[in-house]
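Engineer: Can you keep this structure in mind? I'll have questions shortly.
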Amino acid sequence: MGCSKNLVDSEVLLSQLEKGKFEVMHDSNETDFDAVFINTCGFIHDAKQESIDMILDYAEAKKRGKIDKLYVMGCLSERYQHELEDELPEVDRYFGKFDMKAMVEELKVTYHPEYIYERKITTPSHFAYLKISEGCNRSCSFCAIPKMTGRHKSRTIESLVMEARYLAKKGVKEVLLIAQDLSYYGIDIYGKNRLAELIEKISEVDGIEWIRLHYLYPTKFPMDILPVMRENPKVCKYLDMPLQHIANPVLKNMLRHVTREETEALLAKIREEVPGVVIRTTMLVGFPGETEEDFEELKEFIEEQKFGRLGVFPYSEEDGTYAAEKYKDRLDQETKQERADEIMEVQQYISAELNQQKIGKEFKVIIDREEGDFFVGRTEFDSPEVDGEVLITSEKSLKKGDFVTVKVTGAEDYDLYGELI
Ligand code: SF4
């Protein structure tokens, strides 16, 4: 039910249970199982509701004798274990976010921490997420994540390179580096940021062709990754950095510890240092106190900056957060949603305009699947599941994970059309 960071935990659990001779499946629509684990999300209201609905569905299946044991894990369970135990007693056991050993042993399987990097890859086999740390030391006032994940804990460079080698042996060519906060990598265990070094080390792993960076934070940005992105051909010129907002009064209330001026300077520096880089960002609208002027300022900023990729969330008040305690959530849901829709409308135009400029150009593309008359793939500027795709016509048969060169022949708001070169 959760994000890619949760998915990695699920993949570790699947692999441990498979070692214990369990036949394992991920996100199956079947219902006949000895045991079901639901990996929940506790991020925002809608995500929580989806997780609870899934628990209720499987509680129903258990009542009908379709499954023997029902277990819940992940962020929602980490945060609300006792409330859930009271309200949903049908669940056999609730686990937190860091209970891998207990979950494995619950099924009478020996836990193998030495194989923690061995995962059952559930993404298409040519790309996989690599979670480089857990937790977050930031204090964004709207965010409950640190309450579920705890403080920032980096994994060692050695263990991550070992995992990258394991993934490469399994056929993975594209690794997506993920964390709550990629910008903080290494500071807790090495006393300094070693993200640039980690990226270089992973790029030395045979078989890994693309390295993609997600969830960077604008403050204390690790500038030394920029020359690596520019010089190292294996590092996608793609950078995901949620900014949340740009109006200084809103950034202040969000406790983002960054100003408009600092953000603009950073973006200019990134684009100067890494020519052609595509930046993905995420915005949050409808935050308490966000005025019409603040919102207009955000829209103008997005029009100026022309981000390659952009997502937006309407503010969701999360109990226990600084914002929930300090600020009255005055804007109604409708207004928040209207603002979010307006931002996506602006972005749709920008994306269409940027895509038009790609017609006639050639790009290296990784093939994800075949669909109808097309082979569907992505350029280095497209992250799986969140960004646009390239629909390719080709006489020649292409297979998942192939890298091909494509000439763009047409463009839509988000997707491109192309022919094999
Ligand atoms: S950086 Fe901010 S928004 Fe992201 S997980 Fe940490 S506290 Fe939450």
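Engineer: Considering only residues that are under 17 Å from residue 243 (Cα atoms) and not in a loop (DSSP other than H, G, I, E, B), which ones fall in the stretch 142-151?
Structural biologist: Within the stretch 142-151, just 145 meets the criteria.
Engineer: Quick one: residue 3 ticks every box in (1) among the hydrophobic types (A, V, I, L, M, F, W, C); (2) open to solvent by 10 Å² or more (accessible area, probe 1.4 Å); (3) over 27 Å from residue 129 (Cα atoms) bar one, so which box is it?
Structural biologist: Of the numbered conditions (1) among the hydrophobic types (A, V, I, L, M, F, W, C); (2) open to solvent by 10 Å² or more (accessible area, probe 1.4 Å); (3) over 27 Å from residue 129 (Cα atoms), the odd one out for residue 3 is (3).
Yes/no per residue for (1) within 16 Å of the ligand (Cβ to nearest atom); (2) open to solvent by 10 Å² or more (accessible area, probe 1.4 Å); (3) under 20 Å from residue 276 (Cβ atoms); (4) in contact (Cβ under 8 Å) with a residue 12 or more places away in the chain:
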| site | (1), (2), (3), (4) |
| --- | --- |
| 181 | yes, no, no, yes |
| 193 | yes, yes, no, yes |
| 198 | no, no, no, yes |
| 201 | no, yes, no, yes |
| 216 | yes, no, yes, yes |
| 219 | yes, yes, no, yes |
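Engineer: While we're looking at this one, here's another question. Restricting to the stretch 4-33, what's the tally of residues that are on the phi < 0 side of the Ramachandran plot, in contact (Cβ under 8 Å) with a residue 60 or more places away in the chain and assigned to a loop (DSSP other than H, G, I, E, B)?
Structural biologist: Selection size over the stretch 4-33: 4.
Engineer: Could you list all residues from the stretch 151-171 that are open to solvent by 30 Å² or more (accessible area, probe 1.4 Å) and within 11 Å of the ligand (Cβ to nearest atom)?
Structural biologist: Residue satisfying the conditions is 151 alone.
Engineer: Right, another one. Name, by its number, the condition in (1) closer than 24 Å to residue 325 by Cβ; (2) open to solvent by 50 Å² or more (accessible area, probe 1.4 Å) that does not hold for residue 138.
Structural biologist: Here residue 138 clears every test but (2).
To keep it simple, each residue is scored yes or no on (1) under 27 Å from residue 19 (Cβ atoms); (2) of a type outside the set (Gly, Ala, Ser); (3) within 16 Å of the ligand (Cβ to nearest atom).
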{"position": "41", "(1), (2), (3)": "yes, yes, yes"}
{"position": "57", "(1), (2), (3)": "no, yes, no"}
{"position": "66", "(1), (2), (3)": "yes, yes, no"}
{"position": "69", "(1), (2), (3)": "yes, yes, no"}
{"position": "102", "(1), (2), (3)": "yes, no, no"}
{"position": "113", "(1), (2), (3)": "yes, yes, no"}
{"position": "130", "(1), (2), (3)": "yes, yes, no"}
{"position": "144", "(1), (2), (3)": "no, no, yes"}
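Engineer: So if I check each of 78, 85, 60, which one is in contact with a helix residue (DSSP H, G or I) (Cβ under 6 Å, 6 or more places away or on another chain) and open to solvent by 40 Å² or more (accessible area, probe 1.4 Å)?
Structural biologist: Result: 78 is the single residue among 78, 85, 60 that is in contact with a helix residue (DSSP H, G or I) (Cβ under 6 Å, 6 or more places away or on another chain) and open to solvent by 40 Å² or more (accessible area, probe 1.4 Å).
The values are calculated or read from the model by the stated rules, or taken from the named source; none is laboratory data. Since the structure is predicted, the reported quantities are computational estimates derived from the model, not experimental observations. All Cβ positions, even for glycine, are placed from backbone atoms using ideal geometry, and neighbour counts span all protein chains on display. The accessibility values were calculated without ligands, DNA or RNA, using every heavy atom of the protein model including side chains. Shrake-Rupley method; radii C 1.70, N 1.55, O 1.52, S 1.80 Å.
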